[in-house]
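A short worksheet on the structure shown next.
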Amino acid sequence: MKLLTLAASNSRQSINKHLATYAASLVPGADVDILDINDFEMPLYSIDRETETGIPTLAQAFLNRIAQADAIIISYAEHNGSYTAAYKNLFDWASRIDPKVYQNKPMLLLATSPGPGGANTVLTTAVNSAPYFAGIVKASLSIPSFYNNFDLTINKITNIELDAALTTAAHSLTNHK
């Protein structure tokens, strides 16, 4: 299975990238493709810009990476209770080409933050909206207090219960047919 994995964050030290990458390692037999949304930076979306200059080719390149995948893992950073501007902009441009951005792919949606909320607000939004964009959410999980529950030196969740929950969620992608 080809597994597209990304953090919905443009931070070079993204804790969500660590979480998504770790989750991907838990999917048995997965060929993991780690996407960095910094490679898809585009001008801020507006209908005026689209009319004047068209849709950037990077939006199609993003959709092509999704098309090549059998399943997707996204871990969302939360900015003021919502998506990061970088991810939302990429998503908005891609959705102008095809509103079915997720292309009927099974998905594991995650979120984490340094605080006890674990970015659960943005995760709830993502889970609820994914079906409208042809995403098949197989599982979702918020990891609260990232630095208390994840060891960056071994790149692994240290909380036994959270690690078991993430393993179960990751395995849900293997039953996607």
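The values are calculated or read from the model by the stated rules, or taken from the named source; none is laboratory data. What you see is a predicted model; the values in this text were computed from it and never measured. Heads up, the Cβs are rebuilt from the backbone with ideal geometry, glycines too, and the neighbour counts pull from every protein chain shown. In case anyone asks, the SASA skips ligands and DNA or RNA and just uses the protein heavy atoms, side chains included. Shrake-Rupley method; radii C 1.70, N 1.55, O 1.52, S 1.80 Å.
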Heads up, I need the accessible area for D92: 1.4 angstrom probe, whole protein in place, Å², nearest 10. 40
Mind checking the per residue accessible area of the stretch 80-177 for me, 1.4 Å probe, whole number of Å²? 48
Probe 1.4 Å, all chains present, heavy atoms only: R96 accessible area in Å², nearest 10, is 110
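Compute the relative contact order of the chain as a whole-number percentage, counting only Cα pairs closer than 8 Å that sit 6 or more residues apart in sequence.
Computed value for the chain: 24 percent relative contact order.
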Working with all protein chains in place, sort L141, L3 by solvent-accessible area computed with a 1.4 Å probe, largest first. L141, L3
Grab the other residues whose beta carbon is less than 14 angstrom from that of P28, score K and R as +1, D and E as -1, and report the net. -1
Any idea which of P114, Y87, S46 is furthest toward the positive side of the dipole for the stretch 2-137, if Lys and Arg beta-carbons carry +1 and Asp and Glu beta-carbons -1? P114
Would you kindly state how much longer the chain becomes between Q68 and K156 on full extension, computed as 0.36 nm times their sequence separation minus their alpha carbon distance, in nm to one decimal? 29.0 nm
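Got the relative contact order for the stretch 124-177 handy, in percent, Cα pairs under 8 Å and 6 or more residues apart?
On the way: 27 pairs, mean separation 16.4, N = 54.
So the answer I get is 30 percent.
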Given a cut-off of under 8 Å on Cα pairs at least six residues apart, what relative contact order in percent is computed for the stretch 60-111? 57
Per q in 0.08, 0.11, 0.20 1/Å, what log10 I(q)/I(0) does a Debye calculation on the alpha-carbon atoms of the chain return? -0.23, -0.43, -1.40
Starting from the Cα-Cα distance between A165 and L58, subtract it from 0.36 nm times their residue separation and give me the gain in nm to one decimal. 35.1 nm
Tell me the net charge near F133. Cut-off is 13 Å between Cβ atoms, F133 excluded, with +1 for each Lys or Arg and -1 for each Asp or Glu. +2
Straight distance only, please: which aspartates and glutamates reach the Cα of K100 with their own Cα at less than 13 Å, same-chain residues fewer than 8 apart left out? D92
Run the accessible area of the stretch 107-160 with a 1.4 Å probe and give the carbon-and-sulfur part as a rounded percent. 58
Give me, ordered by chain and number, the residues 5 or more places off V137 or on other chains with an amide H under 5 Å from its own placed amide H. M107
Just add up the charged neighbours of I47: K/R +1, D/E -1, any other residue whose Cβ is under 11 Å from the Cβ of I47. -2
Spin-label pair D36/D98, simplified geometry with 7 Å Cα→Cβ offset, distance in nm: 2.6
Would you please state the base-10 log of I(q)/I(0) at q = 0.11, 0.20 1/Å for the stretch 36-123, with intensities from the Debye formula using one equal scatterer on every alpha carbon? -0.34, -1.01
Ignoring everything but the protein chains, give the 1.4 Å probe accessible area of E50 in square angstrom, nearest 10. 40
Most fluctuating of Q13, Q103, Q60 in the GNM of the chain (C-alpha, under 10 Å) is Q13
May I have the pair-distance distribution P(r) for the stretch 107-177, computed from all Cα-Cα distances with 5 Å bins from 0 and rounded to whole percent? 4, 17, 23, 24, 18, 10, 4, 0
Relative to a virtual label point 7 Å from the Cα of I47 in the Cα→beta-carbon direction, which members of the stretch 81-120 show backbone nitrogen distances below 19 Å? 89-100
Would you work out the charge dipole size for the stretch 46-177 about its Cα centre, treating the Cβ of every Lys and Arg as +1 and the Cβ of every Asp and Glu as -1, and quote it to the nearest 20 debye? 300
So what is the 222 nm mean residue ellipticity for the chain from helices alone, if each DSSP H run of at least 4 adds -39500 (n - 2.57) and you divide by all residues, rounding to the nearest 500 deg cm²/dmol? -11000 deg cm²/dmol
